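Nothing in this text is a laboratory measurement; each read-out follows from the coordinates by a stated rule. Because the structure is a prediction, the values reported are computed rather than measured. Cβ: placed from backbone, ideal geometry, glycine included. Neighbour counts: every protein chain shown.
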Amino acid sequence: MKHVRFHATTCLFTARALRDFGDGFVAVLLPVYLLALGLTPLEVGVISTASLLGSAFLTIGVGLLGARYGHRPLLLGAASLMIATGVAFAAIDAYALLLVVAFAGTINPSAGSVSVFVPLEHAALTSAVSDADRTKMFARYSLVGALAAAVGALVAGAPDLLARIGVDTLIAIKAMFILYALLGLIGGVFYARIPKRRPVRNARSASALGPSRGIVFRLAALFSFDAFAGGFVVQSLLALWLFERFDLSLAAAGVFFFCSGVLSAFSFPVAAWLSQRIGLINTMVFTHIPSSIALMLAAIAPTLPLALGLLLIRAALSQMDVPTRSSYVMAVVTETERAAAASFTAVPRSLAAAASPAMAGALFAASYQALPLLICGMLKIVYDLLLLTQFRNIRPPEES
């Protein structure tokens, strides 16, 4: 039994690494690619909004269907969609068609855990560990993904390097989208190796929320607020801000986002360690607030080195709530509700955030470049205070 669980976990971790590697370079290349096609900053923001909105609807669907059809076939379907998305972005130049592909596909402008894959992977992984080991497992899962995304961000500089030997930059970026599709194909091979799960007898009740509905809806409301705030500074838009505010090169942006991703990655095991001492909710809140302050200071930084330094401080703190949040949601619901709970609390990472990138794009177009970062930081601090007041007394089993 332990061997089967280890095998499933290894396959899921590997598939997550491949997927996040692709998301890492796509998030940096997306604004460069769209601007090269002649789109405006506002249109770049709208495409980011479309991708997040479409991801939200897909995530709702897989959360409801997870218990009925099992994790493996749905993950294979998502991997197929990733393949189609990469090929379509490489082949299409028209803005309207790109909007459709962004909405229906898996393109991820945030290079984070905003994905149709997330609720299925969370539910599958939680069943493989004990309550005591759950947060550590999510920390390792997040660490693997963040390191892969960091390497992906570094690889985003490849088109600039290829341009030095005569390769057209636009063609090189299109080739990166083909690589994204190939990663989806390889990830699908690993998803296919996940052991089949026994069918649920009462699939209808298992696919819906039950006794934990109230807690999940309250968490979803707060996560919606947090996601709306984060949507102002998704990674593609942060890259756009650096390009326009400081004229940062694509290669330099890749190095910066690599360093940022590495810092975020190694914050995950720290978060697991810290949560054992001060609790999951306290870890989420008291690491998040300083990161928001660093973001707001970066928005008004007069020089590039100072701005990048503050953004790196933010990166070292801002993602420490990722494994703790995932662990907390899985801890406060029953086993049969996990896929649905993961879906209904992951959806805000897309749905509520969907309006923000278009707003940020409009602010960029109106030359209010610092405002999206300031709005994001202020709203996130409000979210943290609300989370602390509402959930500090609702503890997971290992803290009782």
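The table that follows gives values for the structure above.
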item	result
Chain lengthening between Thr169 and Val270 when straightened (0.36 nm per residue, less Cα-Cα)	32.4 nm
Computed over the chain: relative contact order in percent, which uses C-alpha pairs under 8 Å that are six or more apart	31
Distance in nm between pseudo-label sites at Phe57 and Val189 (7 Å out along the Cβ direction from Cα)	3.3
All Cα pairs of segment 222-356, percent lying beyond 22 Å	44
In Å, descending, principal axis extents of the Cα set of segment 259-301	36, 21, 9
Relative contact order [Cα under 8 Å, 6+ residues apart], segment 259-378, whole percent	33
Coordinate range along principal axes, alpha carbons of segment 318-400, Å, largest first	50, 24, 19
Near-label residues of segment 35-54 by backbone N, under 11 Å of a point 7 Å along Cα→Cβ of Tyr95	38-47
Within segment 336-400, chymotrypsin sites (Phe, Trp or Tyr not before Pro) in DSSP loop having at most 14 other beta-carbon neighbours inside 10 Å	Tyr368
Length added when fully stretched, Arg245-Leu76, from 0.36 nm per residue minus Cα-Cα	56.8 nm
Theoretical FRET efficiency, 1/(1+(r/R0)^6), r = Cβ-Cβ of Glu335 and Arg218, R0 22 Å, to 0.05	0.60
Trypsin sites (Lys or Arg not before Pro) restricted to DSSP loop in segment 122-174 with at most 12 other C-beta within 10 Å	Arg164
Under the Debye formula (equal points on every Cα, no solvent term), log10 I(q)/I(0) of the chain at q = 0.10, 0.11 Å⁻¹	-0.60, -0.73
Per DSSP, loop trypsin sites (Lys or Arg not before Pro) in segment 298-400 with at most 15 further Cβ within 10 Å	Arg392
Charge-dipole axis of segment 317-390 as Lys and Arg at +1 and Asp and Glu at -1 on Cβ define it, positive-most pick from Ser343, Pro372, Met320	Pro372
Nearest 10 degrees, 0 to 90: helix 235-246 Cα axis against the chain principal axis	30
Gaussian network model of the chain, Cα within-10 Å springs - most flexible of Asp160, Asp384, Asp23	Asp160
